[in-house]
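The numbers here are math on the coordinates, done by the rules we state, and not lab data. Quick caveat, the model's predicted, so the values are computed rather than measured. Every residue, glycine among them, receives a Cβ derived from its backbone with ideal geometry; neighbour counts consider all protein chains shown.
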Amino acid sequence: MKFKGAIFDLDGTLLDSMPFWENLGSEYLKAKGINPPKNINEILKTMSLNQAAEYLKKEYFISGSEDEIIKEFIGLIESQYRLKVPLKTAVLPFLHRLYKENVRMCIATATDHELAKAALDRLNAAKYFDFIFTCSESGMGKDTPEFFLKALELLDTPIHETIVFEDALYAIKSAKEAGLSVVAVYDKSSCEEQDEIKAIADIYLNSFEDWEMML
């Protein structure tokens, strides 16, 4: 499969980081002395950091600005990105192969730019990407096709020769609505949505090792 551009999600696609995020909302509220509802993590699951900060501030009357709430979020998870979060299986060989084939690559993520860069630098993966594009920087969430179209514009590759790599159903839907081809990558955090993901995505990978078997 030949293509000139690749837009990669970070968490759950390249990084095995979703376990660190899944309980972030409830842990944040607990740190504020608030008893979190059972479904808080599910509510926040599809939100960018900005959207989550806005929601929590309004819903729980949290003092401080949304920017301050985001900084507190980042503080809770920063050490994981700087020291612990690993790459998923076979990611580096896959990225290296695309790099040798002159495929332009970028990161499109809801994660804070500095955290994303810190993890990629530590894991020797940053060199493969032209840039990191975040929801906070764009002012958009991954629940909108415009987010992916802006990433495509910055990557400057033809839409019909660019692929999005994603693990989350809502983001896969947005990328498809934008007119992009999507490779879905399995992650345990989306296991209950796999049937729908497989039906929507153009290609489905259990891991990046599967790519070799498709060639």
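Miscellaneous remarks
- The chain, relative contact order in percent, only Cα pairs under 8 angstrom and at least six apart counted: 27 percent
- Subtracting the Cα-Cα distance of I74 and K198 from their residue separation scaled by 0.36 nm leaves 41.4 nm.
- If only the Cβ of Lys and Arg carry +1 and only the Cβ of Asp and Glu carry -1, the dipole of the chain around its Cα centre is close to 380 debye.
- Each Lys and Arg adds +1 at its Cβ and each Asp and Glu adds -1 at its Cβ; summed about the Cα centre, segment 19-84 shows a dipole of about 180 debye.
- The relative contact order of segment 38-133, computed from alpha carbon pairs under 8 Å that lie at least 6 residues apart in sequence, is 28 percent.
- Think of the chain as having a plus end and a minus end, set by charges on the Cβ of Lys, Arg, Asp and Glu; of F165, Y128, G139, Y128 sits farthest toward the positive end of this dipole.
- Cα-based shape type of segment 83-215, given that a ≥ b ≥ c are square roots of the gyration tensor eigenvalues and the cut on a/c is 1.5: rounded
- Helical runs assigned H by DSSP (4 residues or longer) give the chain a calculated mean residue ellipticity at 222 nm of -12500 deg cm²/dmol, each run adding -39500 (n - 2.57) before division by the residue total.
- Think of the chain as having a plus end and a minus end, set by charges on the Cβ of Lys, Arg, Asp and Glu; of L155, V103, G64, V103 sits farthest toward the positive end of this dipole.
- Overall form of segment 99-162 per C-alpha gyration tensor (a/c, 1.5; a/b vs b/c): oblate
- Under 5 Å, built H, 5+ apart or other chain: amide partners of T109: F133, T134, C135
- Spin-label pair E209-A126: with each label point 7 Å from Cα along the Cα-Cβ axis, the two points sit 3.0 nm from one another.
- Cα shape, segment 1-150, gyration tensor, a/c 1.5 rule: prolate
- Reachable lysines, given that their alpha-carbon falls under 29 Å from the alpha-carbon of K84 and they are not under 8 places away in the same chain: K30, K32, K38, K45, K71, K100, K117, K127, K142, K188
- For segment 19-84, relative contact order (Cα pairs under 8 Å, six or more residues apart, normalised by length) works out to 33 percent.
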